[in-house]
Every structure is written in C-alpha cells, then in structure tokens.
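Colleague: Sharing a structure below in structure tokens format, with a few things to ask.
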Amino acid sequence: RKEVEQDPGPFNVPEGATVAFNCTYSNSASQSFFWYRQDCRKEPKLLMSVYSSGNEDGRFTAQLNRASQYISLLIRDSKLSDSATYLCVLNRDDKIIFGKGTRLHILP
Amino acid sequence: GAVVSQHPSRVICKSGTSVKIECRSLDFQATTMFWYRQFPKQSLMLMATSNEGSKATYEQGVEKDKFLINHASLTLSTLTVTSAHPEDSSFYICSARDWEGEEYNEQFFGPGTRLTVL
C-alpha cells in the first residue's frame, strides 16, 4: 500500500463550481501535512498547510482528520487558473513524501 | 518566498555520458537540500538528502555511485548522473530547506531539470 493515496482524476469541473479532493495516508507517525500545486512540467508549489483545526485561505479550505488518516482540500468558486495537479504531501521523519497527485481541469 | 535555481533547465545527452545538474539557493543558506525525480504521470520520488559538508543520504533503491551528490557550500548542491542511460530520462527537481525562524521548515523547489538520454 502506498504511503499517500490520491485519486488521480482527472476531475473535470465547470468554472464556478466547488470541488473537493481527499487523500489518505498510511503511516500514523506522519507529522505535518500540506497541499502542493503542480502545473504541467513545472515544480510543485506550496498551496497551504493542513491542520486538524482546519485551514482556510480565500477560496481554499484544507482539513486534517488524524483519526481516519485523511486530509481534504476544498476549492470554492473554481477558476480556470485552478487547473493543475494537486499533490497531497506529508512530512515524516524529516522526509517529504508526495502523493501522485489529482489532476483538476476547470472547464469554461 | 525564497528562491531556488537549477541549471540547466533542459539537457539532452548521449547514452554513456555524465550530466551535472546544479541547485542553488539564491537568498538563503540551505544546510539541507533534497533531490527528487519525477517520471511522467508519477509522483515526485525522493532520491537523496544532501547535507552541507557531509555525505548525502540516499533512499532505498537509488544507486549512490550512479547519482553523485556534492553539497560543498550552503548555497550549492550538485547532482551528477554518471553513465546516463535512456531509463534515466526524467524530470529532476531539487529543493532546499530554509531553516531560519520557521517552525515548519518549508521546502522551496527549484524549477527542475528535464533530462533526456538518447
């Protein structure tokens, strides 16, 4: 079983809609969690950190559920520029471990 | 945010040659740098952790004699792919960790180097 599992998608979503991604992780020793965004053929960029108390940044909301070992990302009022691959990332023992990513296409 | 550069951004080489990729932290000192590899439609896979002034720590399955890492200064780490073969063709990304004053030590990624081995 992979340490970080994500639905690869693609998610094809009309502009303005709300979309949610989930990610599960297998190692309960994981310490920190993040969502990164990666555009095609580019390096990943940090989107936001994820906390058990929830974290909101504009149209983006992230949530961590340690008991169930999953994290989520919610994007409201999606824009065309949100089209990208969203990587679920965790930090365990000082190593950054990436999920395979979920591809999102926002349709005009 | 902090800036990490990589050079070259793209390289095409013949099978059997060696290729050196540089990773630089431009506005901060990075005691630790990381090297990742990403094959098409795959996630980033950590290859090795590079610590300034000491030997790199390689992940399981990564040949240290093939992927030579040198982290001679706090702002520069190099990855040399020795005797490259077509299966080494990939997107190589480095990242550097800025340790100053952050509880979580955010990693900043370089723009990546696309290696194609003919």
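Since every read-out is calculated from the coordinates, none of them should be taken as a lab result. Worth saying up front: this structure is predicted, and the values here are computed from it rather than measured. Methodologically, a virtual Cβ is constructed for each residue, glycine included, from the backbone with ideal geometry; neighbour enumeration extends over all protein chains shown.
Colleague: Would you mind listing the strands (runs of 3 or more DSSP E) fully within region A:35-108 where at least 3 residues are within 14 Å of chain B (Cβ to nearest Cβ)?
Modeller: On the way: elements: A:45-50, A:55-57, A:60-65, A:70-75, A:84-92, A:95-98, A:102-107.
Here the list reads A:45-50, A:84-92, A:95-98.
Colleague: Same structure again: Can you name every residue in region B:16-36 that is among the small types (G, A, S) and part of a strand (DSSP E or B)?
Modeller: B:S25
Colleague: Any residue in region A:2-15 that is in contact (Cβ under 8 Å) with a residue 24 or more places away in the chain and within 9 Å of chain B (Cβ to nearest Cβ) sitting within a Cβ distance under 8 Å of a residue that is crowded, with 16+ Cβ neighbours inside 10 Å and of a type in the set (A, V, I, L, M)? List the pairs, counting only those 6 or more apart or interchain.
Modeller: Taking only residues 6 or more apart or on different chains, the pairs are A:V4/A:V89; A:V4/A:L90; A:V4/A:I97; A:Q6/A:L87.
Colleague: Among the numbered criteria (1) in a loop (DSSP other than H, G, I, E, B); (2) surrounded by fewer than 19 Cβ atoms within 10 Å (Cβ to Cβ); (3) more than 14 Å from chain A (Cβ to nearest Cβ); (4) out of contact with any Gly (no Cβ under 6 Å at 6 or more places or on another chain), which single criterion is violated by B:A84?
Modeller: Answer for B:A84: the failing condition is (2).
Colleague: Would you say B:K55 is within 14 Å of chain A (Cβ to nearest Cβ) and in a loop (DSSP other than H, G, I, E, B)?
Modeller: It is false that B:K55 is within 14 Å of chain A (Cβ to nearest Cβ) and in a loop (DSSP other than H, G, I, E, B).
Colleague: Let me ask something else about it. I want to confirm something. Restricting to region A:18-34 and keeping residues that are β-branched (V, I, T) and part of a strand (DSSP E or B), which single residue is farthest from the other protein chains (Cβ to nearest Cβ)?
Modeller: Taking the candidates together, the pick is A:V19.
Colleague: So, in region A:62-95, how many residues would count as being under 16 Å from B:S43 (Cβ atoms) and surrounded by fewer than 20 Cβ atoms within 10 Å (Cβ to Cβ)?
Modeller: The total comes to 3.
Colleague: Do we find that B:S43 is under 14 Å from the mean Cα position of the chain (by Cα) and either within 12 Å of another protein chain (Cβ to nearest Cβ) or assigned to a strand (DSSP E or B) (or both) in this structure?
Modeller: Taking the combined requirement at face value, the residue does not satisfy it.
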